[in-house]
Structures are given as C-alpha cells and as structure tokens.
1. Among the listed pairs Lys202/Lys244; Lys57/Lys202; Lys90/Lys142; Lys99/Lys142, give every one whose C-alpha distance is greater than 30 Å.
2. Amide H neighbours of Lys202 under 5 Å, counting only residues 5+ apart in sequence or on other chains, H built in-plane at 1.01 Å?
3. Compute the separation of the alpha-carbon centres of the range 60-99 and the range 147-179 and state it in Å as a whole number.
4. Subtract the Cα-Cα distance of Ala58 and His76 from 0.36 nm times their separation in residues, and report this length gain in nm to one decimal.
5. For the chain, take the longest principal axis of its alpha carbons; what is the angle in degrees between that and the long axis of helix 53-62, to the nearest 10 within 0 to 90?
6. Would you mind checking the range 176-214 for residues with the amide N under 19 Å from a putative spin-label position 7 Å along Cα→C-beta of Gln170?
7. I'm checking a number: the convex hull volume of the Cα atoms of the chain, normalised per residue, in Å³. What is it?
8. For the ranges 104-117, 163-176, 45-58, what's the packing order if you count other beta-carbon atoms within 10 Å of each residue, average per peptide, and put the highest first?
Amino acid sequence: MTRAISCLVWATLLLVLPRQALAMQNDVNTGCETQRETVVLLHGLLRSARSLRPMEKALDETGYEVLNLDYPSRQHDVPTLTAQAFATLKPLLDSPQCKVHFVTHSMGGILVRHYLASHGAPGLGRVVMLGPPNQGSEVVDKLGGLGLFNWINGPAGGQLGTRENSLPVQMGAVDFELGVIAGNRSFNPLLSLLIPGEDDGKVSVERAKIEGMQDFIVLPHTHVFMMRRPEVIRQTMHFLKQGKFDHPDPRQ
C-alpha cells in the first residue's frame, strides 16, 4: 500500500468511526391509527438514527408521524439490510390507507430503491434523498479493494462503486416521486481528490442524480453533516409538501 493510499484510508477511518453507533432493535408502531402522514427516516452507512434526530424533530413538529429507523449498516450487504429494515415497514407500505414518505441519507436511499424495485407500495408518497450515491462513488472504485476500507464499511460499502456491476447502477431509473439534495462542500480533500467534479466529500454532485427523479438541488454542505443543516431540513419539508424544492429565483 502506498503512502498516499494509506493516508486516504486513514482519513476515511478518522472521519466516520467516531460517529458510528451500534444499531438498535427498532421498536416502532407501524400502524395507521392516526390521520397523520408518516415519514420514514433511513440513515446512511456508518451512521445511526441519531444522525437524523434534527430532521425527525422538525418533521414531528410539522405534524408528521415519524419513524426514525436503525439498521446495522456495516454488518451485511444491501439486499440483506433492505430485507431487515423493511420487514418492520411492510405492513405499513402494503396498506393503501397509509400515506408513507421517505427521507434518506446516503446509502439509506439505495435501500429504498432496492426495496421499491421489486415491491409495491400502494400508499407511497414522496421520497427525498440526501447525498445518495445513486450512481455510486469513485471512492469505492479506488479504495474498495483495500482490507481496511472493507473493515470500516462492511459488505454494503463495497457494493457502491460506479462500474456497471455496482448495485446502484444495476438498479436503473426510479419510477416514484423523488427529490435529490446533493452537497458540494467537503472537509476531506484527500477523498475529494478521487472524485471528479463537485462533491460533498463522498459522492459527486453528478452521481447523486438518477434518471426519473422529480427535482434536484445542490446545497453548500458536506456529506457527513448535511442531514442536520437547517436549509437541508427546510428544503426536505418543502419537497414533501409541494413535490418540488424551493429553488432560488434566478432573477435575484
């Protein structure tokens, strides 16, 4: 391993491991006892439900029923993680009377795409993805063969490259109402060197896009913290209500 690659890997390690938490068993009510619309939150790789607490609080105060789910992102591949996370949600998603939206960060969006590619959801509302690797990430292409990378990110992390055999690329276009928020700020210049164009430190702006999405906006935030930023939360709620983001007036 060259010194440069070693530095890149350790930079990734130092960036994510202090914020990792053990995934907890989800104990949530997935019925439709209330008239409130439900928003399901799915965190990203190496994160936990705690990372989406500010989003959860804002959505709850707005009047949504919020399910902030945890799943063990490092332990399994994407199909297994999807099956685990959505086992709790299936009764809710199978009911036409339940209006269910999703807000996801990073790999959480890939789990939603994987589920919806093969399952119906009669009550599905809108989906907002924050920093999703919808077309993969070059970071995985360059570092995915290293043992330390795989130890940090687990089986699912290695599936998120940009090549034709990567899972996000194989799933193709979406056919649900989707808004994507990409970031274009990074505090990890070593990883950003691996990514062409603007990026958030993990995913390029271009690779966050996916064919079939309803709307797309770029905000000046990093991958790791974007889900906590007030403007990201505001834009997320705007899309859930309006089906579009609140784009700045180009005349101003």
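Read-outs: derived from the displayed coordinates by stated rules, not from any lab. Remember, it's a predicted structure, so these values are computed and weren't measured experimentally. We place every Cβ from the backbone using ideal geometry, glycine too, and count neighbours over all the protein chains shown.
1. Details: Lys202/Lys244 25 Å; Lys57/Lys202 26 Å; Lys90/Lys142 36 Å; Lys99/Lys142 40 Å.
Lys90/Lys142; Lys99/Lys142, as the Cα separations exceed 30 Å there.
2. Long-range HN contacts for Lys202: His223.
3. Cα centres, the range 60-99 to the range 147-179: 19 Å.
4. Values: separation 18, 0.36 × 18 = 6.48 nm, distance 3.05 nm.
Contour length minus the Cα-Cα distance gives 3.4 nm.
5. Computed tilt is about 20 degrees.
6. 211
7. Values: hull volume 30.3 nm³, N = 252.
Measuring per residue, one finds 120 Å³ for the Cα hull of the chain.
8. Working: 104-117: 24.4, 163-176: 14.5, 45-58: 19.6.
Ranking, from highest mean packing down: 104-117, 45-58, 163-176.
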